[in-house]
Every structure is written in C-alpha cells, then in structure tokens.
Amino acid sequence: MQNKKNLILIAAAAVLILLLLFNIINFAQLNRLKRMQAESTELILSESTANRRTNDYLNNISGMLAHDLNRTRASLGLSVSDYPFKSITDEGPEDEVTAEHNELIDAVTVLMQAESDNKKSAMLGRFFRNDMIVNFLSSSGSVYEKIDNLTFYIKHGGNLFLTASAVSETGIILKGFSGEELSITSASKESVLFISKNLELLNSIQTEKEKLQRELLAIADDPDIKQALTSDMRLRIEDKEIVISNFLNANTITASVNSAAAESKLKISGIAENFEDIESFKTGLISEIKGFDIRTDDTVMLDNAKAELEKKLEDEDFLTYLNSMNLSLSNIPREDLDYFYYDINYSDGKRLGSLSILKKIGEIYLVDADEVPVSSLKTMSIKKSISSESSEKIVIPENIPQIDSLYSSQDTVTFLLVGNHERNTDTMILAHANKVTGKAYMIGIPRDLYWKGRKINSIYLNYGAEQFKNELSDITGLDITNYIIVDMYAFIDIVNILGGIEVNLEEDLVDPSYRIRENGEWSTLNYSKGSYNLNGIEALRVARSRHGSNDFDRSKRQQQIIEAFLNKILELKISDIDKVYGMMQAIFEYIDTDFSLVEMMSLFNNYSDVELAGKHVLSFDNILYDTYSNIYMLEEQNIEFDADFNKGAWILFPRDNDWNNIRWYVRQIINGEI
C-alpha cells in the first residue's frame, strides 16, 4: 500500500516555495515596497516569454530581484548588497532597463535558427539527390526515409542500418549500424563506401540471425528437450520463437534470437545473459524447463501470501512489541478448510486471535479468538470498525440546508494541492483563505472517498487535473479555482535545500510494513515521540507512513510538516539567495500548476498575512463512515453474503450516504465554526 504515491505534503511544498519567491520580491514589507513590487512585476512579466526552463532564465529573474531589492534598500538609506547574479544596473531610465531583453530579441533569434535549420535541411536533400547516392541505394535495394528536417534513415528490407543527421550548415554525420560515425560535407565516394560497409554488416547479421533461427526451431524436435518436458507442459512455435507453457498456470518460457547492434545471439526469457552457441543454449533451456514452476495459480497465490506474512512476522519491532505485551506467536500455522492460522497467544496459552490467510483469495486477515474475521490486514490499520459510530463524531443537525451552489467570494481563494508520482495520486488538500477574516484552513480529502463508482484519487489518473478539480468542487461545495501538482522528488530536494525541517511527533510512529535502508542495513520505520530535524528522505517517510497509525493520522502529520515548511521558509533571509535559486530549479522541474505568475503574485499580495487557523481531515471521526466496495454494492441490492466472502476495496462515504453532509461540514470549517 505504501508503494502507491501517497504524497499530500509534497503538493503543499509547492505553495510554500512559491510564496517564498514572492516573499523575496516583497522584501521589507513596507509601504514603499508596494510600489517597488509593481515595478518588479513588470520586469518579471517581460522575461516570462523567454525560455523559463534554462539556467539563463533563472539567472535573469534572480538578477532583477537583486536589482529591485538594492533599489529599495537605497531608497531606505541602507547599503546595497552584492548578489551572485547578473544584476541590472541603475543607469538610464527604467524603460531602457526593460528593453535590454524582450520578446523581439527572441523572435529574431527564432528566425535565425529557422534559417539555419532550412540550410541544414537543404544540404541533406542535396546529399540524397546526388547521383552516387541515388545509384547506390537503387542498385542495393535500399531506401531512405525522412524522419524530420534534420534526420534521415537508410533502410534495407525494412531494417535500419544508417542514420544521416545535419549537425551544421556545412556538416553531416553518418552513423552506421555498428555505431561507427563518418563526418562529411557532401556526397562522395567515401560516403558511398561507408554506406556500403554498413549494409554488408546488416546483411551479415541478418544471415547469422536466420541461421540461428533455423537452429532454434530445430531444438523443438530435440529428444533431450522433449524428455525434459513433463505431461503438464506444452511446446509450440510462435512467430519464429519457441514458447513452453504450463497447463496449470500462466507461466511461460520463451526462447528467441536476440539481435543486437552488430550481432545475434540466442535468448531465453528470465535469463539475463545471451547464449552464443546452440549447445550452451540447449543446456540452459533444459535447466529452465526442469526449474519450471508447475504449481497452479491458486497454489502460487497462497504460497506468496504465506511468504509475505511470515516475512512480516519476523520483524524485530513486531516481536519486541509482542514480548512487551506478554504475547507469543505460533510460527507453525494450523489450518482448516478455509484458512491458515498463525496464532497470537497469551503467556497462559489462551489465544488472543490469529493472523490468517484466506485460502480462496490468498488475502491476510485478522481473526479473533473465535476465528471470526475482524478485518483485512491491508486495511486494519486504517479501519476502526466497519460499522463504527464513534461518540466523538460531530452531531449533524436535522434539516440542514441543501447546498447546491459552489461557495466563492472576492475576499476568498480556494485551490487544490495534489501530490503525485508517475501520475499515481493519493494526496489531496484544499487550501482556503479569507483576507477579510485573516484566516486560512487546510482540509485533507482521503483518497478512499468513493465518488461516482470509483475512488476519488483515480479521477486525476484517468481524466486529468482539471476534471479532478471540478469533481472535488462538487464534493466539497467550494469553488476550487486552481491546482498545484507536485512530484515527490521536489519534496525531497526542497527539504534538503532548506537544510531539513523541525518536526515534533506527538506519538510514537512505528510502521513494521515500511522497510527502510540506512547505512547498508534494512530495518523498519520507527520514531519515538519527540522533536526531529528531518532531511528530505526522512520527512517523506514520516509523511507517507500510515500502517503504524492510520490514514487520517498521516494526513494530520502531513499538515504538521507543512507548518514546519512555512516556519523554515520564513527564517530565510536575502543572504540565502542560493537556497532560493536551488528551490526555483526544483519547482520548475517537478511542479505543474494552472496558476499564472500574475495570479500567484496577486495571491501572495492579498493573502500573505493570513493565519493558518485550522488543519482538518475528512474522516470517520467526523463526517464519513467506512465500508467495503463489495459489501456496499450487495447491501444496495439487498443481497445477503457470507462473512468470509471477498469484501472488496476499503472505501469511505459521507454519513447517511448524503454528500450534502460533506458540503455542510466544509462550510462549517471555513466559517470558523469547527
């Protein structure tokens, strides 16, 4: 579960760092700085059309910031400072400063580049229209293929054996099948010989490949191979490959010819090395056949579940905890028709319960002393009770008003923070701020919230950020105007750039399922309560872990880490400009947002002084209840089910299955009533 991309706090890092950037622009927080900020905005906007992802762009932006800050300091009677950037001088009127670099310069640069590319393309065209090249390609049965204006392929029989690339207005690079290169300025006998040499190499390799394929297919009738096959195996030839399959499961062995750049070798799936001759290949294939897994799919599933559980049961933290509770674990499982049981016993031998494996589906369950299933191990640390109605839950008034319209105001802003990695998203925080009340709130949205027949986090993966934002607006009743999406690597980089963050853990954080490697040794996540200075990796571990507590506690920890970010950032001074530069690089590489630069500056200008007044998480302690997907669907249809059937995925719904309850609860939060 932890391998899914659980990254709520990573998204929040983006906002804090962007706020830092604008905090530098608004340095000194004086009335006269307001005027200077407007000038900075114009300069930044004039640069925004340049190539923002290059180091030159970052250096220009930083130089302008340094320039404006020095002007501010000078206007206040303070000494100016030297910054490690190319700073715009104070000489000349301001309109001349802005004109030093603008989009017209970029336009001319683009035109010059286009002219150069046209010349390169024309040179390649002349090369392939040359009589020597045309005659050779025609006589050899080869053809050329245009990939783009600056690259052509030469193929024979559909096989690529040479690439021609224009590298300058007078230079072409021919790269052959073997990796060898030839630099030329025009067609010549030397270039024809080079093409011919690589064609001969291709033909040689193709001949060798065809020979190996004939030998490979002949292996299918080899008596030693047939003898190694069991009655449960089948050997067949598919598309010039040998495929050996098993009637009992979906496993296969594939033997084929592997053609590399300049040679062909025999290959067996599952074996890293290739075979150069047929005899060593035959020996390797027989060895693979004898080691072929002929267990049924059900047996494989069950064995994997047992191995997974037994590995968890060996964890030192878990065994230490059992010992402290005067409990012991049975390492040898007992079984009945449905389960394998690993019993947990008191010192007097009385059974507390068991960790069990349901044979039918290979899932690990927690069962009580009477062997009644309590929960799946996947969800037990998150789930309190499938029918939990905690006395701590808020009281929903009767006849609350129906909220059909989205809440928005000129004095408020609401945006979505998303943390993801490779588009896997389980991180959702709404940030809402009110400049009139001076209050801001964060609201964590659990990824297991079940909306329109799917978990909410799957919407981003399948439909993108814009649709994700719109659906969360419908759920919460807030007009979410923008989003910021951050990859986990940005989180690690930025924390490290800041020199770590100070986090106080109010409770022990022990997660036996979270394996970590430090100083070459494997262990599990284990933090005693107390204060820590966490680096990027450590902070990510604390943020992502949930199996030692629950998903909602994790969300609270993540919001706590966001506060630690903010405190660290507010400690930065202008002398820390190198750190800012590094954070800007991480932001440009890993962050996606629909905020424009102007919108972000306006956001900071209007809301920089608000207080973070509340950190909230939608959970079954307030407005949600939990169940399983299969149970929910069957109950909806009034269908009875056995206690040990496959319950499906763990999901969350609003209490009474009324989505208006969530909208009401969110409205209570932003009004400061909760």
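The values are calculated or read from the model by the stated rules, or taken from the named source; none is laboratory data. Quick caveat: nothing in here was measured; it's all calculated off a predicted structure. Neighbour counts run over all protein chains shown; Cβ positions are idealised from the backbone, glycine included. Please note that ligands, DNA and RNA were not included when accessible areas were found on the heavy atoms of the full protein model with its side chains. Shrake-Rupley method; radii C 1.70, N 1.55, O 1.52, S 1.80 Å.
Side notes on the structure shown:
- Surface composition of region 126-280: carbon and sulfur atoms hold 48% of the protein heavy-atom accessible area at a 1.4 Å probe.
- Multiplying the residue separation of D658 and N630 by 0.36 nm and subtracting their alpha-carbon distance yields 8.1 nm.
- Region 395-447 - accessible surface per residue (Å², probe 1.4 Å): 45
- Ordering L216, L229, T109 by the projection of their Cα atoms onto the charge dipole of region 104-245, which places +1 on the Cβ of Lys and Arg and -1 on the Cβ of Asp and Glu, puts T109 at the extreme positive end.
- Violating pairs (Cα-Cα greater than 30 angstrom) within the set K189/K267; K452/K556; K350/K529: K189/K267; K350/K529
- In the full protein context, region 184-321 carries 57 Å² of accessible surface per residue, based on a 1.4 Å probe and ignoring ligands, DNA and RNA.
- Contour minus Cα-Cα distance for V436 and S196 (0.36 nm per residue): 78.6 nm
- Spin-label model, I278/E145: points 7 Å from Cα along the beta carbon direction are separated by 3.2 nm.
- Packing-based order for 477-485, 498-506, 557-565, using average beta carbon neighbours within 10 Å, highest first: 557-565, 477-485, 498-506
- Region 400-442 - percent relative contact order, Cα under 8 Å, separation 6 or more: 31
- Whether region 406-511 is rounded, prolate or oblate, judged on the alpha carbon gyration tensor where a/c under 1.5 counts as rounded: oblate
- Too-long pairs where the Cα-Cα distance tops 22 Å, listed order kept, from K615/K647; K211/K265; K119/K146; K360/K647: K615/K647
- Measuring r between the beta carbons of K529 and V300 and using R0 = 45 Å, the FRET efficiency lands at 0.60.
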